[in-house]
Each structure stands twice: as C-alpha cells, then as structure tokens.
Amino acid sequence: MSRAILSRLVNRRRTLASLSVLAALAAGPLVQPAQAYPDRPVTIVVPFPPGGASDSTARLVASKMPEVLGQSVVIDNRPGANGATGAQHVKNAPADGYTLLVGSIGVFAINPALNPALGYDPKTDLDLITVAVRTPNVLVATPNFPANSVKELVDYLKKNPDKVTFASSGVGSSDHLTAALFWQKTGTSGIHVPYKGGGPAIGDLIAGHADVSFQNLGAVANHIKAGKLKVLGVTAAARNPVLPDVPTMKEAGVDGLDVYSWQAAAAPKGLPADVKAQVIKAFAAGLAAPDVRTKFNEMGFEVVANSPEEFAAFQKAEEARWREVVKAGNIVTQ
C-alpha cells in the first residue's frame, strides 16, 4: 500500500472519530446532571429556644415534609434578640432551599417596626412562604388580683395608674405590644415587666409575683382550666372554642384589640422557582395533614396556610400596624 493511500485512511479514521465525539456531545453532556432538589437533608431554623410556639410549629410541620421532599428535615434552634439572630442567619444563607425559617410575629412584623437597625428586612431579604398558624392572645391575671373582668381592670387601672404590673415574654414581644395597644385604646397605663420568655412570665403570674399579662392562648389554656390563672378576655374577632365562655375584647368594651400571635415560614431571598415550588408544596402538605391540624387545634392554634402573595400583603399590614403602636407608646429596645 502506497504511503499516500495509508495517509488518506488514517485521516479518514480521525475524521470519523471526531464526528463520533461531536455526536455524543450533541446528544448530551458527558458529565452527570445535577440532582433535583433536595438531594440532602433540609434545615429549618427556629430563632427561639426549644419548647416555644415557633419550635412546636416547626416540629409539627417538619414531621410531614419528608413525605414531599424525600429527605429528612432537621430543626436548628438559634435564639437571640427576639428572633433576629436566627433570621439574620437565614438571610445570609444560600438561597438554595436547604435553609428555611419558621418564626413568629415578632420576627416578621414587630422587630422591623421596633428596631430601625435590625440587620434584616423580611420584605427584601426573605422569600415569604406562608403564615402557618395563628392564635389569639388572652388577658390573664394572677388568681387573687381584684379585677374579675376587663371593665373592672380598666376601672382599677384608672384608679391606680402605673401600679399594675404587666408581665411579658420580652421587649417587643406580641404580649408586650398587645399590652401597649390595650393602654392606648383604654387611656390607661401600667408597669411593663419583661421576662426572658413566656415561661418565666407565666410562672410569676401563677405565683402572684406579677399582676396581669396578655399571653398566647396555647401557652396558658391549661393553666386557666386548672384555675392557676384567671382569664378576663380574648383578643380575637370571635370567641375561641378552647375557651367558649370568655368574651372577646370587643364584647368586653375594648374595640380595636383583635390581636393574633402567628407563626410563619420563609427562606433566603432568591429561591429558584422550582425549588420554591417544592418548599411551598412541602409546607402546605404538612399543614394539611389531619393529625397535624388536630394537634394545632388542641394547642389553641388555627391553621392559616396562605399563599406567599397573601403572606406578603399580611406582613406589610402587620408591620405598619405595630409601627404605629411602637410610635404612639414611645417603645424602644433595651
């Protein structure tokens, strides 16, 4: 075989080999495609200690989320600064769906209204997913307190200005600002006594070391039923089935005091659309589970499970409402 013919055969084989490679490249990438979300466990950050309303909400919903996600969901408690510490952590996490947030009204509406140097803004730094549940606050008193109704409390406050102690779970908490709104609506005043959480505040109420407080219904319902606390009113638009004989604040003569403490879910801003859809689906499934709903109802919570758009509009209105209360009460962080 001549050298020219041999050269032509070699070049032909090289050309055929090149065409084979191009065909393979056109058919698809040589590397393995990325795994669909999620391909590892998902973390829900709770910006409060274990045992509170946010923690209970996250754990109940998280128990059902693996059925949608196909991965385990773990809870990471990061307390501090009325939830701001954990919220800032989520803000700074990658927007990939592996770090989520479940927090309270304080995290999403009161902190931004109270602190202009907060370090995060729910409207711009977080993808709002859903308001999960809500519960009204109830006005409770230590059993030996002289007032036995909202009207009697208002009369007592007017006769004894700045003498009645109002316990709360902390500066800027839902129970603190509900008390501030109550004073504004009734033209009264009291002494705000912040505690490091709802548990210590409730404990001092039961022991008689504090007079009254606006506490989450779910946190005090059992104490009321046991006679350890005296209930005067509920901050809801309608009576609550957990305490059907307790009047609303409007029925008791104080209008404009419909206040709910709520828990909601969010993620770092900028979730990819497909990931966000999966996250929304997982939370919706958890909140729709019949046994989860039953447990929430037993705790005094109502399941909300609204859309991201509804949550965004609600958050905006809530922040504006509490900003007015903070301004009128001249409330500042410590």
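Values quoted throughout were computed directly from the atomic coordinates according to the rules given, and no laboratory measurement underlies them. In this text, all values refer to a predicted model and were calculated from it rather than measured experimentally. Glycine gets a Cβ as well: all are built from the backbone with ideal geometry, and neighbour counts include every protein chain shown.
Assorted remarks:
- In terms of overall dimensions, the C-alpha atoms belonging to segment 250-307 reach 49, 29, 14 Å along their principal axes, ordered largest to smallest.
- Residue-wise HN-Hα couplings along segment 37-47, as the Karplus relation 6.51 cos²θ - 1.76 cosθ + 1.60 with θ = phi - 60° gives them from phi, are 5, x, 10, 7, x, 9, 10, 9, 7, 10, x Hz; Gly and Pro carry x.
- Computed magnitude of the charge dipole of segment 52-132 (debye, nearest 20; Cβ of K, R +1, Cβ of D, E -1): 140
- Where labels lie 7 Å past Cα in the beta-carbon direction, separation of Lys123 and Lys250 in nm: 2.7
- Lys/Arg +1, Asp/Glu -1 at C-beta; segment 207-334 dipole; positive extreme among Val242, Gly218, Ala305: Gly218
- Rounded to whole numbers, the Karplus 3J(HN,Hα) couplings from phi for segment 204-214 are 6, 5, 4, 7, x, 8, 9, 8, 9, 6, 9 Hz, using 6.51 cos²θ - 1.76 cosθ + 1.60 with θ = phi - 60°, and x at Gly and Pro.
- Size of electric dipole in segment 129-214: Cβ of Lys, Arg +1 and of Asp, Glu -1, about Cα centre, debye, nearest 20: 160
- Segment Asn92-Asp258, extension gain: residue separation times 0.36 nm, minus the distance between their alpha carbons: 56.3 nm
- Two-site label geometry, Thr85 and Asp162: point separation in nm, points 7 Å out along Cα→Cβ: 3.4
- Interatomic Cα distance distribution for the chain, bins of 20 angstrom, percent: 29, 46, 12, 7, 4, 1
- Ellipticity estimate at 222 nm from DSSP helix runs (n ≥ 4, -39,500 (n - 2.57)) divided over the chain, nearest 500: -13000 deg cm²/dmol
- Modelled FRET efficiency - R0 35 Å, Ala238 with Asp39, Cβ distances, 0.05 increments: 0.15
- Cα gyration tensor, segment 53-177 - rounded (a/c under 1.5), prolate or oblate: prolate
- For segment 141-146, 3J(HN,Hα) computed residue by residue from phi via the Karplus equation (6.51, -1.76, 1.60; θ = phi - 60°) reads 9, 4, x, 8, 5, x Hz, glycine and proline entered as x.
- Projecting the Cα atoms of Leu69, Ala167, Pro136 onto the charge dipole of the chain, computed from C-beta unit charges around the Cα centre, puts Leu69 farthest toward the positive end.
- Within the straight-line cut-off of under 28 Å between alpha carbons, the lysines reachable from Lys276 are Lys64, Lys91, Lys123, Lys295, Lys316, sequence neighbours fewer than 8 places apart in one chain being disregarded.
- Put a plus charge on the Cβ of each Lys and Arg, a minus charge on the Cβ of each Asp and Glu, and nothing anywhere else: the dipole of the chain about its Cα centre is then about 1380 debye.
- Quarter of the Cα convex hull surface for segment 108-183, i.e. its orientation-mean projected area (nm²): 6.9
- Calculated FRET value between Ser149 and Ala313, using beta carbons and R₀ = 41 Å, to 0.05: 0.70
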